[in-house]
Amino acid sequence: MTYICSICGYVYDEEAAGIPFAALPEDWTCPRCGAEKAMFDPDGKEEAPAKAEAGGQVQTPVQLSPRALSAIFSNLARGAQKQYHPQEEALFMEISDYFLSLSPAEECNAGDLHSLVSSDLAGIYQECEEAAVKAADRGALRARLWSQKVSRIVESVLSRYEREGGRLLEGKNVYVCSVCGFVFTGTQAPEICPVCKVPAWKFDMIS
Amino acid sequence: MEMKAVRNLRLCTKDCLCLYVCPTGASDTEDSVIDAQKCTGCGACAGACPSGAISMMPVRLPLQQEKDAEVISRMNVLLESLVRREAMADKLSSDADPVLAKVAQAIRRSSRLSAEDIAREAGYMLPQSARAIGLLKELVDNPPTKDFPKASALALIRALEEM
């Protein structure tokens with residue numbers, strides 16, 4: 001029997017490893033991407049995510065929040081930077097920072113953040129997928145898949161933190177993929193990003 | 001299509017073959033940025049570069065792909081949730097527990113990157129697209145507060161309309 005990591009696709013082969021998957025300790029993590037044991041699915045099992053609540057009502061934010069606008073503009077700054085337009089990049093960043101300064105602070109604890117990530121994983125990603133499939137929008141499908149995988153690893157890191165506390169980072173650093181946002185804990189950045197496949201130098205270490 | 005050569009300095013290994021093949025000396029600059037005024041778009045440098053550091057970019061990009069209204073609407077809901085995660089992580093990044101603070105810092109960055117990618121696929125891919133320029137114009141006409149950097153937005157609109 002084999003088990004597949006739902007984030008990076010690593011295959012755990014019970015026969016080759018000599019240890020049944022179920023017998024692995026609960027704090028065992030994916031050797032490639034660091035995902036928790038719970039992120040593995042038995043091979044062949046069709047992934048059946050929770051069906052999004054039916055209702056038909058499309059939730060349309062008439063106005064985007066200041067922080068969403070900040071992200072739109074920092075993204076456009078990146079678009080200018082990639083085209084080698086540093087002045088436009090700086091102007092977009094100025095507008096992005098303006099919207100960030102308007103964004104209200106959140107009062108929360110780690111559990112609240114964990115719940116938000118989990119509820120997104122149970123709903124909105126599926127809704128985005130349905131809309132993107134219907135519109136045959138490959139770009140949107142790709143972006144939502146990367147974001148979903150990154151959310152899974154974020155959820156995984158948060159539940160490991162809840163379980164292990166300070167031990168989570170013992171002798172380890174935290175790395176973030178500068179392209180897709182994949183979060184990795186380890187002694188060095190992974191050779192390639194398990195989600196978007198960029199090389200190690202595209203990772204930033206959190207200091 | 002009119003093209004110009006651009007160099008990615010991160011990939012450039014200074015083999016300098018571009019200098020040998022460029023008919024106008026456009027690639028021979030102090031700061032390694034290819035001189036767009038001199039570049040004729042012949043592509044010889046990109047072909048000769050052994051490290052793949054030079055690529056040819058169209059001077060004018062094609063129009064941005066149309067986006068379906070429902071995709072935009074759903075992706076915007078996701079965008080709002082991602083930036084809310086960023087805000088939560090921002091708060092937690094100054095937590096008394098250094099391990100949580102560090103994890104939160106990583107999640108703050110991760111959430112922003114994911115939000116940017118979703119924003120891109122929700123219709124704000126190209127800075128010079130009609131949609132991005134339209135958003136800037138809307139903000140200039142209806143600034144959210146009096147501190148909105150209107151002059152910068154107007155300068156940006158002018159520059160983007162030239163691209």
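Comparing A:Gln126, A:Gln87, A:Gln188 in a Gaussian network model of chain A, where Cα atoms under 10 Å apart are tied by springs, the biggest mean-square fluctuation is seen for A:Gln87. Sorting A:His114, A:His85 by solvent-accessible area of protein heavy atoms yields A:His85, A:His114, largest first, with a 1.4 Å probe. Projecting label points 7 angstrom from Cα along Cα→Cβ for B:Lys150 and B:Met163 puts them 2.4 nm apart. Scaled to the globular estimate 2.2 N^0.38 Å, the Cα spread of segment A:61-109, given as radius of gyration, is 1.29.
A full extension of the chain between A:Asp204 and A:Ala122 corresponds to an added length of 26.6 nm, given 0.36 nm per residue minus the alpha carbon distance.
Structural descriptor for chain B: relative contact order 18 percent, calculated from alpha carbon pairs under 8 angstrom and at least 6 residues apart. Other residues whose C-beta falls under 9 angstrom from the C-beta of B:Arg109 contribute a net charge of 0, scoring Lys and Arg +1 and Asp and Glu -1. Converting phi to 3J(HN,Hα) with the Karplus coefficients 6.51, -1.76 and 1.60 and the offset θ = phi - 60°, segment A:36-41 yields 5, 4, 5, 7, 8, 10 Hz in sequence order, with x at every glycine or proline.
Along segment A:29-34 the Karplus relation, 6.51 cos²θ - 1.76 cosθ + 1.60 evaluated at θ = phi - 60°, assigns HN-Hα couplings of 10, 4, x, 8, 10, x Hz to successive residues, with x for each Gly and Pro. Here the Karplus relation 6.51 cos²θ - 1.76 cosθ + 1.60, evaluated at θ = phi - 60°, turns the backbone of segment A:67-73 into coupling constants of 5, 5, 5, 4, 5, 4, 6 Hz, with x for every Gly and Pro.
What the Cα atoms of segment B:63-125 give is an Rg and a Dmax of 14.4, 49 Å.
Of all the options A:Tyr84, A:Tyr175, A:Tyr12, the one that moves most in a Gaussian network model of chain A with Cα springs shorter than 10 angstrom is A:Tyr84. On a 0 to 90° scale, report how tilted helix B:130-141 is relative to the longest principal axis of chain B, with both axes built from alpha carbons and the result rounded to the nearest 10. Computed tilt is about 50 degrees. Contact with the other protein chains removes 30 Å² or more of accessible area, compared with the isolated chain and a 1.4 Å probe, from these residues of segment A:154-193: A:Val154, A:Tyr161, A:Leu169, A:Val174, A:Val176. Over chain A, with a Gaussian network built from C-alpha contacts below 10 Å, which listed residue (A:Gly181, A:Gly111, A:Gly79) shows the highest mean-square fluctuation? Top of the fluctuation ranking is A:Gly79. For chain B, pairs of C-alpha atoms spaced more than 22 angstrom apart make up 65 percent of the total. Taking other residues whose beta carbon is less than 14 angstrom from the beta carbon of A:Glu106, and scoring Lys, Arg as +1 and Asp, Glu as -1, yields -1. Beyond 30 Å between alpha-carbons counts as too far, so tell me which of A:Lys149/B:Lys67; A:Lys202/B:Lys38; A:Lys197/B:Lys150 fall in that bin. Result: A:Lys202/B:Lys38; A:Lys197/B:Lys150 exceed 30 Å. Three principal axis extents of segment B:31-85 based on alpha-carbon atoms, in descending order, are 46, 26, 21 Å. Close amide H pairs (under 5 Å, H built 1.01 Å from N) link B:Lys4 with B:Met57, B:Val59, residues at least 5 positions away or on another chain.
Remark: relative contact order (chain A) = 17 percent; criterion is Cα-Cα distance under 8 angstrom and separation of 6 or more residues.
Taken across both chains, chains B and A shield about 6600 Å² of accessible surface from a 1.4 Å probe. Beyond 13 Å, the tail of the calculated P(r) for segment B:3-58 holds 48 percent of the Cα pairs. Farthest towards the positive end of the charge dipole of the protein assembly as shown, among the residues B:Leu78, A:Ile153, B:Cys18, is the Cα of B:Cys18, using unit charges on the Cβ of Lys, Arg, Asp and Glu. P(r) for segment A:70-198, from all Cα pairs and a bin width of 10 Å, is 11, 27, 38, 22, 2 %, short bins first. On a per residue basis, segment B:16-163 carries 48 Å² of accessible surface, using protein heavy atoms and a 1.4 Å probe. Given Cα positions, please report Rg to Rh for the protein assembly as shown, the hydrodynamic radius being the Kirkwood one. Reported Rg/Rh (Cα atoms, Kirkwood Rh): 1.00.
The values are calculated or read from the model by the stated rules, or taken from the named source; none is laboratory data. Values in this document were obtained by computation on a predicted structure and should not be read as measured data. Glycine also receives a Cβ, built like all others from the backbone with ideal geometry; neighbour counts cover every protein chain displayed. Only protein heavy atoms, including side chains, enter the accessible area calculation; ligands, DNA and RNA are left aside. Shrake-Rupley method; radii C 1.70, N 1.55, O 1.52, S 1.80 Å.
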